[in-house]
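Beneath this line is the structure, given in C-alpha cells, with notes to follow.
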Amino acid sequence: MNQINKILLFILILCFKVNGGAQTYSTYVLQPDSSNFVYASLLVTTPGEEAYSALGHCAIRMECPMHKLDYCFSFEMGTDSPWFNYLSFFSGQTPAGFRAIETADYVNNYKAEGRGIQQYELNLTTHQKQELWRYLDEDMVAGQHRKFDFIRNNCASMAMIAIQMKMWMEPIVVKKWPEQHRMNNGELIFYLSRNAPWLQLAMMTIVGTEADVFWDEEHRISPELIIEALSNAVIQSEEGSERPALTGNHKVLSEQTFFPQPAPVTPIWAFTILLALVCIMTALEWWLKWRMPAKVLDILLLLFQTMSGLLLLYMTVVTCMFGLHWNWCLLMLNPLPFLLWLFFRKRNGSRKVYAFYAVILLLFICVTPIITTQIITAHRLLAASFLVRCLSRYGFRS
C-alpha cells in the first residue's frame, strides 16, 4: 500500500471523509441510517504447501461500503527469500507486521494456490470497528517491527490480540475454549501439525521445555481453532449484558481445491530405516570386519549431529525464541561429541567417552518420554541410531 492510501485510511477512521476505489468482493449496500458504515470480519484460510503455511492463515478484513474501501490486514513475514524464511522462521527471527492488501488481490492470491477462505463477521460496534481499523493502519505504517514465531506471535494470535485490544471496556470472553486447549503447548503443537509430520518434528525439536507449560490462550490460538473459540465467545458490555462475538454472517470467499498430501516418507519411517541401516552396518563391521562403510556412516552421523546441534544451540541459547529455557534435544543434538572426537580421539581411554555418551542416549530414550512431552518417537529412533554406533565404537578394538 502506498503512502497516499495510508493517509486515506487514517482520515477515514478519524472523520469518515475519505473516497476510495471500488472493490470486487464487497456485497454490502449502505443502509439509509448508515448503521453498516463499516464492517470487520475474520478471514480463515486453509493450509498451503509451504512449511510456514501448513497450519493455515488468518487475516482481518475491514470494509467501508460508503467509500468502497475494502482491505485485508494480514500479519505476515517480511522476506521473500525461501532459505532465509525457513531459518528465521524456525528461530523466531523473521521480521513481521500487519500488511494491508486489497481484498480482491488477497482472495485471488490464495485462490490461485487452491486454498479456501472463510469469512466470519465480527459483532463489534461502529466505534470498536473504527478503533480496530485505526490500530491496524497505525501498526502497518510502523512497518515490520515485530518478530514472527510459529506458536505465540503468528497470524491467528496477532489477529485475536488486535481485536481484543480495541474493545473499549467491552472485553471478549471465551466461554469455552476448544477441547484441544486443554493440552499443554507440546501436545497442542503435535495436534495442530498432525498433517505435516516433518514440520511437526521441527517444531517439537525447537520448543524445548516450553512444551510442558501453558501459555495464555490468546497466544496459543491457531487458524484451525480460532473460529471455534469465537463461536463460544461473548462481548460483555459495561452494563453487564452480553452479545455473541460473531454475528453469524458467514461467507465462503474461495473454495478449497488444494488439499495437502501426506508426506511420502514420514520422520518415523525415515529414522526407522536409518536405525535399520545402522544395525546392518554395525553387524557387518563386527562379523565381516567391514570397517570402512561403518566409518563413513559414523562421519555422516557425526556431521549431521554437529550441524543440527549448532543450529539447535543457536535457536535455544542465542535467539531465545521462547525466553531462556532448556531443550531436551540438546542431549542428543549438540556439537560436544565432535569436539571430544577432534581433541581426544588419539588419547588413551578415549573409548570411554563413547560409553559415557551411550549412557546419556539411553537415558534420553527411556526417561524423557516420562518427564516431558517434547520428545516424540522420531527423536527416540534417531537417538537409538547414535546409541548403536556409540556402543560399537566403545566395544570395537583395533
- Report yes if some residue within region 380-394 is outside the structural domain of Leu188 (by TED's automatic domain parsing), exposed (fewer than 15 other Cβ atoms within 10 Å of the Cβ) and either touching a Pro at 6+ places or on another chain (Cβ under 6 Å) or in a helix (DSSP H, G or I) (or both); otherwise report no. no
- Message: Please go through region 285-306 and give me each residue that is polar (S, T, N, Q) and farther than 13 Å from Cys390 by Cβ, ordered by number.
- Response: Thr306
- Positions within region 237-268 being buried (at least 16 other Cβ atoms within 10 Å of the Cβ) and within 26 Å of Thr126 (Cβ to Cβ), in sequence order: Ala245, Leu246, Leu253
- Going through region 263-296 in order, the residues found to be touching a residue at least 60 places away in the same chain (Cβ under 8 Å) and in contact with a Pro (Cβ under 6 Å, 6 or more places away or on another chain) are Ala263, Thr266, Pro267
- Do we have Ala96 as touching a residue at least 12 places away in the same chain (Cβ under 8 Å), closer than 20 Å to Tyr39 by Cβ and within 21 Å of the chain's Cα centre (by Cα) here? no
- Query: Of all residues in region 350-379, which are within 17 Å of Gly208 (Cα to Cα) and touching a Pro at 6+ places or on another chain (Cβ under 7 Å)?
  - Reply: Ile375, Ala378
- Residue count, region 110-168, condition part of a helix (DSSP H, G or I) and of a type outside the set (Lys, Arg), comes to 27
- Is there any pair with a first residue in region 316-343 that is closer than 17 Å to Glu210 by Cβ and among the hydroxyl-bearing types (Ser, Thr, Tyr) and a second that is in a loop (DSSP other than H, G, I, E, B) and modelled with pLDDT of 85 or more whose Cβ atoms are under 6 Å apart and which are 6 or more apart or on different chains, and what are they? Thr316/Asn327
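Yes/no per residue for (1) farther than 30 Å from Arg393 by Cα; (2) assigned to a helix (DSSP H, G or I):
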| site | (1), (2) |
| --- | --- |
| Glu228 | yes, yes |
| Gly248 | yes, no |
| Ala283 | no, yes |
| Leu311 | no, yes |
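Can you pull out the residues in region 285-311 that are among the hydrophobic types (A, V, I, L, M, F, W, C) and closer than 18 Å to Ile206 by Cβ? Even if it seems obvious, please write down each step before you answer.
So the first thing to find is which residues in region 285-311 are among the hydrophobic types (A, V, I, L, M, F, W, C), and the list is 286-288, 290, 292, 294, 296-297, 299-304, 307, 310-311.
Within region 285-311, Phe304, Met307, Leu310, Leu311 qualify.
Could you tell me whether any residue of region 136-155 is in contact with a Leu (Cβ under 7 Å, 6 or more places away or on another chain) and either among the hydrophobic types (A, V, I, L, M, F, W, C) or farther than 17 Å from Leu42 by Cα (or both)?
No, because not a single residue in region 136-155 is in contact with a Leu (Cβ under 7 Å, 6 or more places away or on another chain) and either among the hydrophobic types (A, V, I, L, M, F, W, C) or farther than 17 Å from Leu42 by Cα (or both).
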- For region 201-210, state whether one or more residues are closer than 30 Å to Cys320 by Cβ, touching a Pro at 6+ places or on another chain (Cβ under 8 Å) and either not small (Gly, Ala, Ser) or not in a helix (DSSP H, G or I) (or both). yes
- Message: Looking at region 114-138, I want the residues that are surrounded by 19 or more Cβ atoms within 10 Å (Cβ to Cβ) and have a partner that is of a type in the set (Asp, Glu) with Cβ atoms under 8 Å, at least 6 apart or on another chain. Which pairs are those?
- Response: Gly116/Glu255; Gln128/Glu170
- Conditions (1) charged (D, E, K, R); (2) part of a helix (DSSP H, G or I); (3) without any contact (Cβ under 8 Å) to a residue 60 or more places away in the chain; number of the one not met by Arg347: (2)
- Residues in region 258-281 that are touching a Lys or Arg at 6+ places or on another chain (Cβ under 9 Å) and at pLDDT 95 or above total 2
- Message: So for region 341-349 (the condition being at pLDDT 95 or above and more than 24 Å from the chain's Cα centre (by Cα)), does at least one residue qualify?
- Response: no
- Item | Residue ID - farthest from the chain's Cα centre (by Cα), chosen from residues in region 269-282 that are of a type outside the set (S, T, N, Q) and surrounded by 14 or more Cβ atoms within 10 Å (Cβ to Cβ) | Met281
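The values are calculated or read from the model by the stated rules, or taken from the named source; none is laboratory data. This structure is a prediction, so every number in the text was calculated from the model and none was measured. Here Cβ is always computed from backbone atoms with ideal geometry, including for glycine, and neighbour counts include all displayed protein chains.
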